[in-house]
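The values are calculated or read from the model by the stated rules, or taken from the named source; none is laboratory data. Everything numeric here is computed off the predicted structure, so don't read it as measured data. As a convention, Cβ positions derive from the backbone with ideal geometry for all residues, glycine included, and neighbour counts pool all protein chains shown. The accessibility values were calculated without ligands, DNA or RNA, using every heavy atom of the protein model including side chains. Shrake-Rupley method; radii C 1.70, N 1.55, O 1.52, S 1.80 Å.
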Amino acid sequence: MNKDIKEQSLALKNCIIKLMGNMKLFTVKYPKAGLPKPSNDFILSEELLTKGDFNLAVCGKVKNGKSSLINALIGKNILPVCNDVATSRVFKISNADEDSFFVVYSNGDKKEITVDELVLYGSQAEIDNVGEVATNGTIAYIQVNTKIDFLPEGVSLIDTPGIGSTYPQHTAITKQYLKNSDAALFVMNPSPLENVEIDFLKEVAEITPSIIFVTTKTDLCGNQVVEDTMIRNKSLISKAVGEKLVLGLYMLKMSSSLLMNAAQASDEITSNFNYEISGYADVKDAIQNICFLTLGYYRVGIAYNNAVEYYQTILKSLQNRKEASIEAATKYEQLISQYDKANKEFSDKMGEHKKKELSIKMEAILKTMEVDFNQIFSQKGEISEKYAQEIESLSSEEITLYGEDLGERVVDDVKKSWDGLTKLVCEKVSALLAQYNDDCKLSIIDSVKISVSGNGAGDPQIQNVDLRDRVGKMRTEMFMGTAVTGALGTLIGGAYYFLPTIVAPALPVLAPVMVVLGVGAVLWGAISGNNKAKQEKLQKNKTQLLKYVQDSMANCRKQLVETSLANNQYQSLYQGFILAIREQATTSMSATYEKYKSELDAMKATIVQSKQNPDYIKAIEELITKWSVHKIELNNIRTLLESIK
């Protein structure tokens, strides 16, 4: 591992955490100044850095040896492996002093199991042979705690089912959990990449630019074959996603079997030899480097941009207070009158009446969602019509083959429709809240000065880091399946966003609304598991096929409207989504209103205090001087960030 990368990463992390803490402390230390509070983005990015959890998703096509690779890295055969499709669940493997294993449910509950029971809960081959184990709820993931010395602190490996299997839910689960990952390790065979892998890589690159590419099973082919294949695949990857991989294209090879032999060898000479030729050292270094690069570059870069925004906001607020204090000496009554007028007009225009108006519009969106939701399951809906047409066109020879995976395909279509519907609702509600934020800003008369997040020129010497012009979503740091519980149950600690190159105002919609979209994987497990268990051999007639489609869709709808999550806090996934939207939209409106109202009140208080205290201007000037000290720290952090590039 590159020690410089590790040291720079830790130094950057410590610097920005200390700076952000000092910035928050400043506003607490001088409460009479009435300075704006940190934005939601500021708080979330600081929490993300402080918490330090990091998920490295191990992904790729099925049967490429993902679980075998993780077992080899661990040095023990813990995860289920099979010549056929092995992994059916997501496994989260974390470093620990002692081994322990848990099934974690979607409501946050967990059940301790033995290492021998991992195959019962997480192996597709076992499920196909003996059926699924009866559980107390929908399984979100399986937690594996074991000793993994080479992993940096807080890093977990996420073993995903993989793509391209005959089980469509495996691809759905893999894609869903990738959204919760900070970096990816893409596992390949020593054979040319297939189109399904290239298409999947494009999706991965949109989620994270931090990807390691590892070719496994290298001991099964000659060196020249492996090298030629890697060169070809590197060219394909570079063409498909090369420009997205801003931290570089890590192209490595490793034999999992040789590495496992090294771990289990009885003599040191054999062990060292197998370690050396397995490729382990390069893969280990790449994992450590990309983790520290992501932690030290992207996370610190995001936090830095939020700190810059907050620095500009506070500086502008203090400058406004100084100017108002100076003007108050000659225009006291006029200024008081202007702020009273501005405050009244703002309250009249954007207060309870406006919020009620927005709530009515939001309810109209949710009402439309109800109609669209029911349409998904209607016999005249798009899904039903699609299968009716397909079944009608089947020949007698095609019917049996068509019905083999019919249940899974129906579930996949329902899931896609649900995801699309919830995403559309979030977008529409977000647009309403964004418009409210703009209306609040425009409703304040021009004759008064205020500074809110993202408003004002600030200090031109402080600039954002461009983050290589990457604008994307930060992964949620909540523990995988509990993202649903957290999103529905709390208003803080959900999703995160990269800031654009140019600082934008904080999103008026609170991030956790977006995490509700993450119910996809849990939803799939609830529907698919139940549906698959009831699947029966279909008779060779179209009527039976059509009935099975309708029964499958009815089961899907039942799971959406009846499945209980979050310790029975909500009646269903559907109702939980609706309540989360309402709850967080209301909170967002109140926060937006208070942001502007508080600044108006603080500016008026400044004018009053400057009249009562002749030394008030000097006090403000002293605060500006003290606050401006953060400029040096910000510029130092920026210099360090740019040196990593």
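Values as computed for the structure displayed
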| quantity | calculated |
| --- | --- |
| Qualifying residue in the stretch 306-320 (condition: at pLDDT below 95 and open to solvent by 70 Å² or more (accessible area, probe 1.4 Å)) | no |
| Single unsatisfied condition, Ser378 versus (1) among the hydroxyl-bearing types (Ser, Thr, Tyr); (2) assigned to a helix (DSSP H, G or I); (3) closer than 20 Å to Val561 by Cα | (2) |
| Filter result (of a type outside the set (Gly, Ala, Ser) and open to solvent by 10 Å² or more (accessible area, probe 1.4 Å)) within the stretch 419-432 | Asp419, Leu421, Lys423, Leu424, Glu427, Lys428, Leu432 |
| Subset of the stretch 23-43 [closer than 30 Å to Ser610 by Cα and either open to solvent by less than 60 Å² (accessible area, probe 1.4 Å) or under 26 Å from the mean Cα position of the chain (by Cα) (or both)] | Met23, Lys24, Phe26, Thr27, Tyr30, Ala33, Gly34, Leu35, Pro36, Lys37, Pro38, Ser39 |
| Residue list for the stretch 325-345, filter: within 24 Å of Ser39 (Cβ to Cβ) and buried (at least 21 other Cβ atoms within 10 Å of the Cβ) | Tyr339, Ala342 |
| For Met251: the one exception among (1) touching a Lys or Arg at 6+ places or on another chain (Cβ under 7 Å); (2) under 17 Å from Val214 (Cβ atoms); (3) crowded, with 21+ Cβ neighbours inside 10 Å | (3) |
| Residue match in the stretch 263-270 (condition: of a type in the set (Ser, Thr, Tyr) and open to solvent by 50 Å² or more (accessible area, probe 1.4 Å)) | yes |
| Residue ID - most open to solvent (accessible area, probe 1.4 Å), chosen from residues in the stretch 384-414 that are modelled with pLDDT under 80 and of a type in the set (D, E, K, R) | Glu397 |
| Some residue of the stretch 275-282 being at pLDDT below 85 and either within 30 Å of Ser447 (Cα to Cα) or more than 21 Å from the chain's Cα centre (by Cα) (or both) | yes |
| Test result for Ala364, assigned to a helix (DSSP H, G or I), open to solvent by 20 Å² or more (accessible area, probe 1.4 Å) and of a type outside the set (Phe, Trp, Tyr) | yes |
| Check on Ser643, surrounded by fewer than 21 Cβ atoms within 10 Å (Cβ to Cβ), in a helix (DSSP H, G or I) and at pLDDT below 80 | yes |
| Gly279 being surrounded by 23 or more Cβ atoms within 10 Å (Cβ to Cβ) and among the small types (Gly, Ala, Ser) | no |
| Qualifying position, being without any contact (Cβ under 8 Å) to a residue 40 or more places away in the chain and either under 30 Å from Ile620 (Cβ atoms) or among the hydrophobic types (A, V, I, L, M, F, W, C) (or both), among Thr368, Thr330 | Thr330 |
| Only one of Ser528, Ser572, Ser588 that is under 24 Å from the mean Cα position of the chain (by Cα) and at pLDDT 85 or above | Ser588 |
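Conditions (1) buried (at least 18 other Cβ atoms within 10 Å of the Cβ); (2) at pLDDT below 85; (3) not hydrophobic (A, V, I, L, M, F, W, C), marked per residue:
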residue: Leu73; (1), (2), (3): yes, no, no
residue: Lys76; (1), (2), (3): no, yes, yes
residue: Val81; (1), (2), (3): yes, yes, no
residue: Val85; (1), (2), (3): yes, yes, no
residue: Lys92; (1), (2), (3): yes, no, yes
residue: Asn107; (1), (2), (3): yes, yes, yes
residue: Glu112; (1), (2), (3): no, no, yes
residue: Glu117; (1), (2), (3): no, yes, yes
